[in-house]
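The block underneath contains the structure these notes are about, expressed in structure tokens.
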Amino acid sequence: MKILAVASDGGHWVELTRITKTLEKDFTLSYVGTHWNQASSVNGNMFHKISDFSRTDCYKLVVVFFQAARIMIREKPDVVITTGAAPGGVLILVAALLRKKTVWIDSIANVHRLSLSGRIASFFVSRTYTQWKELTNGNIRFAGNVLS
């Protein structure tokens, strides 16, 4: 099974690499990040750079959508997972449109409620996870956090 793992730089990336480290021995992984410096932490796996954006510069969404589509066509993953933020949301939207399995893992920093990207993604992803048991409901699951 081929997994495409996506995250913005910083805490999102740290969380993603902690999660995928356990997956690398059993699955083929490729990564997508928002800065080239992230490529040094993917243990020789394929790395693609995608533009970063947020709600303050959401006009970049169109560019990111086409970058995401190009990556999906090249990589042909079975599953796309992301810890966010906005670029990860766009990539899993493209994956969902292509009927791929998708997983949103909300950041551990979101203690009181899911992030805006996580709330939007929960409408179309295959699975949504929170890292706080208190935030679970019928659609949002808890399976632990990156600290444990």
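The figures follow:
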{"item": "Options GLN67, GLN38; residue that is farther than 24 Å from ILE108 by Cβ and not aromatic (Phe, Trp, Tyr)", "result": "GLN67"}
{"item": "Looking only at segment 91-118, and only at residues there that are assigned to a helix (DSSP H, G or I) and either touching a Cys at 6+ places or on another chain (Cβ under 9 Å) or hydrophobic (A, V, I, L, M, F, W, C) (or both), the one that is most open to solvent (accessible area, probe 1.4 Å)", "result": "LEU97"}
{"item": "Restricting segment 15-45 to residues that are free of Cβ contacts under 8 Å to residues at least 40 places away in the same chain, over 13 Å from LYS2 (Cβ atoms) and hydrophobic (A, V, I, L, M, F, W, C), the residue that is most open to solvent (accessible area, probe 1.4 Å)", "result": "TRP36"}
{"item": "Cβ-Cβ under 6 Å pairs, at least 6 apart or on other chains, segment 119-148 side open to solvent by 70 Å² or more (accessible area, probe 1.4 Å), far side assigned to a helix (DSSP H, G or I) and modelled with pLDDT under 85", "result": "PHE142/LYS133"}
{"item": "GLY44 on the phi > 0 side of the Ramachandran plot and out of contact with any Leu (no Cβ under 9 Å at 6 or more places or on another chain)", "result": "yes"}
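Conditions (1) of a type outside the set (Ser, Thr, Tyr); (2) within 28 Å of PHE142 (Cα to Cα); (3) modelled with pLDDT of 95 or more; (4) in a loop (DSSP other than H, G, I, E, B), marked per residue:
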residue: ILE19; (1), (2), (3), (4): yes, yes, no, no
residue: VAL32; (1), (2), (3), (4): yes, yes, yes, no
residue: VAL63; (1), (2), (3), (4): yes, no, yes, no
residue: THR82; (1), (2), (3), (4): no, yes, yes, no
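The values are calculated or read from the model by the stated rules, or taken from the named source; none is laboratory data. These numbers come from a predicted model, not from an experiment. FYI the Cβ positions are ideal-geometry reconstructions off the backbone, even for glycines, and counts take in every protein chain you see. Note: areas computed on protein heavy atoms with side chains; ligands, DNA, RNA excluded. Shrake-Rupley method; radii C 1.70, N 1.55, O 1.52, S 1.80 Å.
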